[in-house]
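Notes follow once the structure below has been shown.
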Amino acid sequence: MPPPHSAQPPSPLPPRPRLLQSLGSCSRGAVTSAAASPSPSPPGRSRPLRYAVLGAGFAGLSVAWHLLKQSDSRVSVDVYDENGVGGGASGVSGGLLHPYSPKAKLLWRGGEFWRESMGLLRSAEQAHGTAASDGDGRDDEALIWRRGILRPPTTEKAADILLENAQSCLQSCSLQVLDSDAAQRLIPGLRVPLNLAVYMPLALNINPMKYLQALFSACQNVANEASVLFSEQKEFNLYNEHIDNLHQFSGDYDAVIICLGGKASSLPELTNKLPLRTCRGVIAEFQLPSDTVEEYGSQSPSILSDAWMAFQGPRTVSVGSTWQWKSDNYDSSVCDEEAHTAMEELLPKASAVYPGISKWDYVRARAGIRAMPPLTANGSLPLLGCLNDVIGERSNCAFWLVGGLGARGLLYHGLAGKLTAKAVISSDENMIPSEFTCWKAIKASR
């Protein structure tokens, strides 16, 4: 067995031993139950169900959390990520969270996505010890900044669409239409070209890395709390291992859930089988010079326009993002040339609504690869479901996918993880709404 659960993420860990095989292949409408072929166990004690989650970003940790919470029997969840928690695109994301499109239209199932994300955020805050915080204290230590988001349009057409869409919104994340004076009271120095801005007072700005670390701690806490119960013992481990293929897991686990973002398509079993497009995005970080007295308002919202500005306190802001399609550069670091190109693109867009950004100094840039799903009648939705038929191999292990969260990983990860965990535990893909599994009928991009 792998090393026992510990308070800190183990790194590195010794090689995994081979484990007993179980659970037959999974396909929509007809799956083999884990109880159909039980493995030998000591009398009166069943063997724990074993799940492997590939990826420790938004999707992977959401799946791990829900597998631990939803399993009412003995379970072991192992997370694999060679870069550790938040080492991929999730850890370098912008962190703005709301359930609306750029045109302020409520997304399909936006209320559910928002609610489930809020649930995971609460669990992460509790594990982080900041459940009642509002970004108080040191801003660089904050997990969440609850200051809302302001969306000032820059064209007449965009203003008309925003005004129309703002009439329908969630009560838990409301929209308010403001004129120039009201918007500038929220953000002094804001430019409001069309005397109109849409304000989301309950939208959030998340520190993605701190959130992922807190969610990881929340998973550890679930396992620790259950470990005292003989009937509901749970294990949770992190392995910093490179993943070459899926075959290496097939004899070890009842199910493997692939949450690798754009890297999922690089697995040999999934090459040219997933309708995903990769898109590299660069985010630039700025700070006010130390000799600048004027600061960004401590309660002023972040800004969403042709470029977004996520303010982490009065003196730090992230500006994003670029869109480099079909990129295969997964390096989170950004060279000087790429950073210069990104600045040339982002700064004019940011300055159009917040001219004061010119007073801020460039500090660094970071980048990540988004895994973009195909557009459907309901928008660009995550790709969920069982992969055994896609892979084309019969195995004693069921393979599942949570992918294509695109630029909305923070919004989508809660519900995507919950639905997938439910389907994995029940061995029934029908637990996932068909809108998330219909991608299998779409020809994979090449």
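Numerical summary
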quantity: Selected residue (only one of ALA56, ALA124, ALA104, ALA52 is part of a loop (DSSP other than H, G, I, E, B), touching a Phe, Trp or Tyr at 6+ places or on another chain (Cβ under 9 Å) and open to solvent by less than 20 Å² (accessible area, probe 1.4 Å)); calculated: ALA56
quantity: Residue within segment 418-434 that is at pLDDT 95 or above, open to solvent by less than 10 Å² (accessible area, probe 1.4 Å), aliphatic (A, V, I, L, M) and in a loop (DSSP other than H, G, I, E, B) present; calculated: yes
quantity: Every residue from segment 341-355 that is open to solvent by less than 20 Å² (accessible area, probe 1.4 Å) and over 16 Å from ALA197 (Cα atoms); calculated: ALA342, LEU346
quantity: Candidate set: segment 342-380, residues that are out of contact with any Ser or Thr (no Cβ under 6 Å at 6 or more places or on another chain) and of a type in the set (Val, Ile, Thr); chosen: the one farthest from GLY313 (Cα to Cα); calculated: THR376
quantity: Matching option when the condition is at pLDDT below 95, open to solvent by 10 Å² or more (accessible area, probe 1.4 Å) and of a type in the set (Asp, Glu), among ASP81, ASP72; calculated: ASP72
quantity: Tabulated pairs, segment 257-270, first closer than 17 Å to LEU405 by Cα, second in a strand (DSSP E or B) and open to solvent by 40 Å² or more (accessible area, probe 1.4 Å), C-beta under 9 angstrom, 6+ apart or interchain; calculated: GLY262/ARG277
quantity: Complete set of residues in segment 279-291 that are open to solvent by 10 Å² or more (accessible area, probe 1.4 Å) and closer than 18 Å to LEU190 by Cβ; calculated: LEU288
quantity: Matching residues, segment 292-312, being within 12 Å of GLY189 (Cβ to Cβ) and either among the polar types (S, T, N, Q) or open to solvent by 30 Å² or more (accessible area, probe 1.4 Å) (or both); calculated: GLU294, GLU295, SER300
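The values are calculated or read from the model by the stated rules, or taken from the named source; none is laboratory data. Keep in mind that this is a model prediction, so the values were computed, not measured. Cβ sites come from the backbone with ideal geometry, for glycine too, and all protein chains shown count toward neighbours. Remember, those area values only see protein heavy atoms, side chains included, never the ligands or the DNA or RNA. Shrake-Rupley method; radii C 1.70, N 1.55, O 1.52, S 1.80 Å.
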